[in-house]
1. Evaluate the stretch 74-89: report whether one residue or more is closer than 30 Å to Phe343 by Cβ, surrounded by fewer than 23 Cβ atoms within 10 Å (Cβ to Cβ), of a type in the set (Lys, Arg) and in contact with a helix residue (DSSP H, G or I) (Cβ under 8 Å, 6 or more places away or on another chain).
2. Please tell me if Lys48 is surrounded by fewer than 16 Cβ atoms within 10 Å (Cβ to Cβ) and either outside any strand (DSSP E or B) or in the same structural domain as Val198 (by TED's automatic domain parsing) (or both).
3. Are any of the residues in the stretch 260-277 more than 14 Å from the ligand (Cβ to nearest atom), crowded, with 24+ Cβ neighbours inside 10 Å, free of Cβ contacts under 8 Å to residues at least 60 places away in the same chain and not acidic (Asp, Glu)?
4. Looking only at helices (runs of 4 or more DSSP H) that fall completely inside the stretch 65-149, which ones have 2 or more residues that are at pLDDT 95 or above and basic (Lys, Arg)?
5. Kindly indicate whether Glu330 is charged (D, E, K, R) and within 28 Å of Leu251 (Cα to Cα).
6. Scan Ala98, Ala161, Ala125, Ala129 and give me the residue that is more than 14 Å from the ligand (Cβ to nearest atom), crowded, with 23+ Cβ neighbours inside 10 Å and within 20 Å of Arg56 (Cα to Cα).
7. Is at least one residue of the stretch 83-105 touching a residue at least 60 places away in the same chain (Cβ under 8 Å), more than 29 Å from Met146 (Cα to Cα) and not assigned by TED's automatic domain parsing to the domain that holds Asp145?
8. Please give the number of the condition Gly284 fails out of (1) surrounded by 21 or more Cβ atoms within 10 Å (Cβ to Cβ); (2) assigned to a strand (DSSP E or B); (3) free of Cβ contacts under 8 Å to residues at least 60 places away in the same chain.
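The values are calculated or read from the model by the stated rules, or taken from the named source; none is laboratory data. This structure is a prediction, so every number in the text was calculated from the model and none was measured. We place every Cβ from the backbone using ideal geometry, glycine too, and count neighbours over all the protein chains shown.
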Amino acid sequence: MTTRAQQFPTKAGYYGDFGGKYVPETLMQPLEEFEAAYRRLKRDPEFKAKLNEILRDFVGRPTPLSEAKRFAAHCGDFRLFLKREDLNHTGAHKINNAIGQALIARRMGKQRIIAETGAGQHGVATATACALFGLECVVYMGEVDMARQELNVFRMRLLGAEVVAVSSGSRTLKDAINEAIRDWVTNVRTTHYIIGSVLGPHPYPMVVRDFQSVIGKEALKQIRKQAGAIPDVAIACVGGGSNAIGLFHELIPHPSIRLIGVEAGGRGSALGSHAARFSGGTLGVLHGTRSMILQDENGQIAETHSISAGLDYPSIGPEHAYLQSTGRIEYHDCSDDDAVEAFHKVSRLEGIIPALESAHAFGYLLRHGREIPDGSIVLLNLSGRGDKDVPQVMQLLNKER
Ligand SMILES: *Cc1c(COP(=O)(O)O)cnc(C)c1O
């Protein structure tokens, strides 16, 4: 069994040509301090015991592995197992990372947490962790997103977080990230910045991956027990890439497992209509890391579109860019329409309403399931529950009428 892929990143934070630390000088030292604290705590038995206790008693881990027989039969002739991250407290995988980083911040003596959020999911997970630990929490959010995600804004405020409206630029996620970085530069002595996906400067992509790799560790053990074998195929949706790398990290050393990441194909292949970084992107630097980016010929960041807010981001985690370049993970797109169809099918056939993000992974199976060899064992990461998306899908149906 090889573990080559697991040795990444390099000391400077690179995964092949991707990754690194493209930040203002003032942030170099805090990033090093964060990395040193993380490396120390990772081996600290007391820290590990505390993290595991919270994951068990507060988050609800281990999450179950459920066989989805009716949806599988609809798509092809394989067995399908769902890793149920939708059953975590707060409804998705993001809490795994928020708890881990908040725990590090507390051990570093930082009493103030900042975060940025697009759809509000990472903001809610961070506000939850801060409430649990009694940390001050400030969440930056674009004004446009705040209007679209009113309920999550209220949720964060209920949890005691301050939500700051960002009115610069397109007033969405990338502007909120710029604002959070500005805050961090100013308040770095007292403040830790919790990034929500495998993005940003080193060590974030590594730290977030490690906290999310609990998904794959549990799933591998569970599928061995429930299916009597390791999977032939594993599949996950990819926004920044944290739920996908969380599932895949443990599986990468097993060369027989085919790994599939599914990006948002949106409304079509024109720049601006999707968030498919591998079919439409080029190499560039955004928000502190070098990766595949949707940009125009002048290097201006392109507009993106996806029906699911969590997949709607112009860049992708650098480790994904690396694993795509080596061919270890293959990436495909799923359109808005296929994702919505899958959302309905999974609800009706399995009694599970999936997040629209996760519906992209199911959408791939709807369209390509017949290409999977008969009798295969397929493992799919059900990254979150769809309650948050019900109003949006209801609106869609009303429009069609
Ligand atoms: C945020 C989110 C995603 C996308 O983020 P990744 O970092 O790519 O995992 C996917 N699914 C759900 C339910 C989310 O909330």
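1. Yes, the stretch 74-89 has at least one match.
2. For Lys48, the condition - surrounded by fewer than 16 Cβ atoms within 10 Å (Cβ to Cβ) and either outside any strand (DSSP E or B) or in the same structural domain as Val198 (by TED's automatic domain parsing) (or both) - is met.
3. Yes, there is a match, as at least one residue in the stretch 260-277 is more than 14 Å from the ligand (Cβ to nearest atom), crowded, with 24+ Cβ neighbours inside 10 Å, free of Cβ contacts under 8 Å to residues at least 60 places away in the same chain and not acidic (Asp, Glu).
4. Where helices (runs of 4 or more DSSP H) fall fully within the stretch 65-149 and carry at least 2 residues being at pLDDT 95 or above and basic (Lys, Arg), they are 69-75, 94-107.
5. It is true that Glu330 is charged (D, E, K, R) and within 28 Å of Leu251 (Cα to Cα).
6. After ruling out the rest, the residue left standing is Ala129.
7. Among the residues of the stretch 83-105, at least one is touching a residue at least 60 places away in the same chain (Cβ under 8 Å), more than 29 Å from Met146 (Cα to Cα) and not assigned by TED's automatic domain parsing to the domain that holds Asp145, which makes the answer yes.
8. (1)
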